[in-house]
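Quick notes on the structure that follows.
Bear in mind that the values in this text are calculations on the coordinates, not laboratory data. Because the structure is predicted, anything quoted here is derived from the model rather than measured. Virtual Cβ from ideal backbone geometry, glycine too; neighbours counted across all protein chains shown.
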There are 2 protein chains.
Amino acid sequence: MVTGTLRADAARNRSALIRAAKTEFADRGLDAPLDDIARRAGLGNATLYRHFPTRCALLAAVFQDALGEIVAESERHLADPDPWNGFREHLVFLCGLQAGNRALADLLVSTLTGAPELERLRGQCFHAAVQLVRRAQLSGQLRTDLRHEDLVVLLMSNAGLLERTRTAAPTAWRRHLDFVLDGLVPTHAQATPGPGAPAVRAAMGRLAERLKIR
Amino acid sequence: MVTGTLRADAARNRSALIRAAKTEFADRGLDAPLDDIARRAGLGNATLYRHFPTRCALLAAVFQDALGEIVAESERHLADPDPWNGFREHLVFLCGLQAGNRALADLLVSTLTGAPELERLRGQCFHAAVQLVRRAQLSGQLRTDLRHEDLVVLLMSNAGLLERTRTAAPTAWRRHLDFVLDGLVPTHAQATPGPGAPAVRAAMGRLAERLKIR
């Protein structure tokens, strides 16, 4: 609707900014400098701010599709006749997305109050993940003391590992994830994690704060 | 020996700088601003640079004891009559040290070519960790496809997780580690991580580069 009323060159600029932002965010993370995004698009800062008055507005434009795809993938994984396989493949899929995109790595585990569209989609992603967990627990294939908060922690640890290995050991996360997955099988449970879920909601908010994202 | 020849106030300054650096590094990480360390010690930058011409020289002065303690602890853990217990307790100990000190979290998994004393001590820590792994594998309590490089990856992922949870969910790492440990028990192995160790040596070098530590 908005796009329809934009003059042709404004629409072109908007697309160029989103394309440039996609690359910069993927390579440099959620806090990639906006100046560099404008420069890569061949446009001035003023044009960027006219189209996207906040970083969150730009993040929403860039990542809405990616989160939509996660929701679609989770439906495919929920339809897997083997609940463990569906759960496992979804986790590998999410961690793989994190490996391919530095911004997405932290976006999945951050609360961006300035981007309600993304929050809504991320809510859908989490809802699907919770269903995948329940389904695999009901079939007896996933340990029942795993809480959905634990998945957030797992994705946070994967994001941190990727930060440290992305260029020099780009497949390290995948091998590590296989060890972690083995720890989630019920018959393996022996360490018995303490009761109570980790306070991931607070940690998710803090992450956006730390990166000063508004 | 050097200290013996320092005038009393120079020795006092040196201690004040090390004390200040201990706090700043613990709170803010390996790349804590040197200016803030001098300020906390109540001294000027010139004094800091006179005592510690490089960041690595200061890191060596601050962390030599901590690495020495790790070596001592690993000997205690190697003497544990239950090899799995010794291995597990050592891993929990290392991850706990990372939780308590932001700089140590990354120091354990970085190559600091500018601090040969630390490199030598870190080499001893790794040597002990390898012995703990072998011992638990020989007793059949630890999966044999775990390589010592995998421990580095585990510590890197713990460092990254801590970065994201330290203030808001300070015990999240401990619960996550219990899941990971369960994945290291041999009977649990089913995911079969691919062959070949991750290229942690390169990743360890890259980390110091990323933080521009010399």
### Label 7 Å beyond Cα on the Cβ vector: A:Thr167 copy-to-copy distances, nm
2.8
### Message
Rounding to the nearest 10 and keeping the result within 0 to 90°, find how far the Cα-based axis of helix B:116-138 lies from the longest principal axis of chain B.
### Response
10 degrees
### Query
Using the Cα gyration tensor of the protein assembly as shown, with a ≥ b ≥ c the square roots of its eigenvalues, what is the shape: rounded (a/c below 1.5), prolate (a/b larger than b/c) or oblate (neither)?
oblate
### Summary
Copies of B:Asn45 compared via label points 7 Å along Cα→Cβ give distances in nm, shortest first, of 2.5
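Using a 10 Å cut-off on Cβ atoms, rank the peptides B:160-168, A:59-67, B:142-150 from the highest mean neighbour count down.
The packing order, highest mean first, is B:160-168, A:59-67, B:142-150.
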### Message
How charged is the neighbourhood of B:Arg7? Take every other residue with its Cβ under 14 Å from the Cβ of B:Arg7, and add Lys/Arg as +1 and Asp/Glu as -1.
### Response
+2
### Message
Using +1 at the C-beta of Lys and Arg and -1 at the C-beta of Asp and Glu, which of B:Phe126, A:Leu59, A:Ile37 has the Cα lying farthest in the positive direction of the dipole of the protein assembly as shown?
### Response
A:Ile37
### Task
May I ask you to derive the relative contact order of chain B, considering only C-alpha pairs under 8 Å and at least 6 residues apart, and to give it as an integer percent?
24 percent
### Query
Residue of B with Cβ nearest the axis relating B to A, plus distance in whole Å?
B:Gly160, 1
#### Entry: With Cα atoms, 0 to 90° folded angle of helix B:172-182 axis to chain B main axis
40 degrees
### Task
Would you tally the net charge around A:Ala79, using a Cβ to Cβ cut-off of less than 14 Å, leaving A:Ala79 out, and scoring K and R as +1, D and E as -1?
-3
## Note on the structure
Inter-copy distances for A:Thr144, nm, shortest first, label points 7 Å along Cα→Cβ, are 3.5
### Query
Which whole number gives the average count of other chain Cβ atoms within 10 Å of the Cβ atoms across peptide A:145-153?
3
### Task
Using only Cα atoms, tell me the angle between helix A:200-210 and the longest principal axis of chain A; keep it within 0 to 90° and round to the nearest 10.
30 degrees
### Summary
Summing -39500 (n - 2.57) over every DSSP H run of at least 4 residues in the protein assembly as shown and dividing by its residue count gives a helix-only mean residue ellipticity at 222 nm, to the nearest 500 deg cm²/dmol, of -22500 deg cm²/dmol
